Amino acid sequence: MPTHDETNAFMRDYGSLTAQQQDRLDSKREEFTDDLLSMEDDPRKGFRPGLRVKKVQGESGLFEMTWAPDGRAIFSMGSPVIEGKRHIVWRRVGDHSILP
């Protein structure tokens, strides 16, 4: 099972989302985790297209996941907490304006 942390900035951003937005993000993060689990079984697999996971342009090591038409979550890969398992650091969440 992959592990994760959230930055203080992510938690602030999350707290400013509406309850409906938080529910949608939580649902998309569950899909994200399911995809990570699938990749543990088969590294050739990727994220489902609906999550639109991609590198943040011009930023080394940062990625974005789309969770709504104008909803983005920025994350990076952290050092593994459990050997052989991915560790995700959720950095920011909100609309397109959170992109660096």
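The values are calculated or read from the model by the stated rules, or taken from the named source; none is laboratory data. These figures come from a predicted structure and were not determined experimentally. No Cβ is skipped: glycine too gets one built from the backbone with ideal geometry, and neighbour counts run over all protein chains shown. Quick note on the areas: whole protein, heavy atoms, side chains included, nothing else; ligands and nucleic acids left out. Shrake-Rupley method; radii C 1.70, N 1.55, O 1.52, S 1.80 Å.
For the reader, a short list of remarks on this structure follows.
- Accessible-area composition of segment 1-73, carbon plus sulfur, in percent [1.4 Å probe]: 46 percent
- The gain in end-to-end length when the Glu59 to Ala9 segment is fully stretched comes to 16.3 nm, 0.36 nm per residue minus the alpha carbon separation.
- Here the simple spin-label model places points 7 Å from the Cα toward Cβ, and for Met39 and Ser27 these points are separated by 2.3 nm.
- Net length available on complete extension from Ser16 to Arg52 is 10.7 nm, with 0.36 nm assigned per residue and the Cα-Cα distance removed.
- Three-way shape call for segment 1-44 based on the alpha-carbon gyration tensor, with the a/c threshold at 1.5: oblate
- Value of relative contact order over segment 34-80, rounded to a whole percent, pairs C-alpha under 8 Å and six or more apart: 22 percent
- Loop exposure criterion: GluC sites (Glu not before Pro), DSSP state outside H, G, I, E and B, at most 13 other Cβ atoms within 10 Å. Applied to the chain, the longest stretch between such sites is 1-58.
- Probing with 1.4 Å while keeping every protein chain in the model, the per residue accessible area of segment 1-60 equals 70 Å².
- Packing-based ranking, highest mean first, of 19-29, 84-94 given that Cβ atoms within 10 Å are counted: 84-94, 19-29
- Cα-only radius of gyration and Dmax that characterise the chain, units Å: 13.1, 36
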